[in-house]
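Every number here is computed from the coordinates shown, using simple stated rules; none is lab data. These numbers come from a predicted model, not from an experiment. Every residue, glycine among them, receives a Cβ derived from its backbone with ideal geometry; neighbour counts consider all protein chains shown.
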Amino acid sequence: MPTKLRTATPDDIPAIIDLQSKIWEPTYRPILSQEQIAFMFAQMYSLDALTRQMTEQGHEFILAETPARQLLGFASFSIHDAGAHTFKLHKIYVLPETQGTGLGRQLLTAVEDRCRRQGGRELLLNVNRHNKARTFYEKQGFEVRSEEDIPIGPYWMNDYVMGKLLG
């Protein structure tokens, strides 16, 4: 499936929300309650939240789409610690039917390339300790650095912090 990558703008936010509505629940159904899935989606993927991420928090979004501009996936990242030259991968998601096609790897490579061009030496991410995506990250060279338990409303995100040196 040929894909094109491009940088998202605030005009793309409704399409990102629509795409994520197809990805979020199937991704987290095996590891989180329906209530936590709904709560976290509302917190992280509202129009206001995504607008803040793009316009105030410095998150850069990369979209993967077909030549006909159908969205297949996306990633977002930002500077984590400028002094340490570290970046943070905040999100990387692809439609369930595109998993295993190399699309996630293509998005991650684009993020890594952009981080390197901005002087990045390391890329960090958080992944739920029970999320099968951990295996994907390990295959891409990430290693578990620590564990974090992060409160989000009445729930907890039980994550691994993973990192990869950008050579």
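Of note:
- Distance histogram in 5 Å bins (all Cα pairs of the chain, percent per bin): 1, 8, 17, 22, 23, 19, 8, 2, 0
- Rounded to whole numbers, the Karplus 3J(HN,Hα) couplings from phi for the range 31-37 are 10, 10, 6, 4, 5, 5, 4 Hz, using 6.51 cos²θ - 1.76 cosθ + 1.60 with θ = phi - 60°, and x at Gly and Pro.
- Checking the Cα-Cα distances for LYS91/LYS132; LYS22/LYS139; LYS88/LYS164; LYS22/LYS164; LYS4/LYS164 against a 19 Å cut-off, the pairs over it are LYS22/LYS139; LYS22/LYS164; LYS4/LYS164.
- Relative contact order (%) - criterion: Cα under 8 Å, at least six apart; region: the range 1-67: 64 percent
- Loop-located trypsin sites (Lys or Arg not before Pro) in the range 1-80 whose Cβ has at most 12 other Cβ within 10 Å (DSSP): ARG69
- Nonlocal amide H pairs with ARG145, under 5 Å, H built at 1.01 Å: VAL161, MET162, GLY163
- Computed [θ] at 222 nm, deg cm²/dmol, the chain (DSSP H ≥ 4; -39,500 (n - 2.57); rounded to nearest 500): -10500 deg cm²/dmol
- Cα lying deepest toward the dipole's positive end in the chain, options GLY83, LEU107, MET54, charges on Cβ: LEU107
- Electrostatic dipole magnitude of the range 4-165 [Cβ: Lys, Arg +1; Asp, Glu -1; Cα centre; debye, to 20]: 540 debye
- For the range 4-165, the relative contact order works out to 18 percent when only alpha carbon pairs closer than 8 Å and six or more residues apart are counted.
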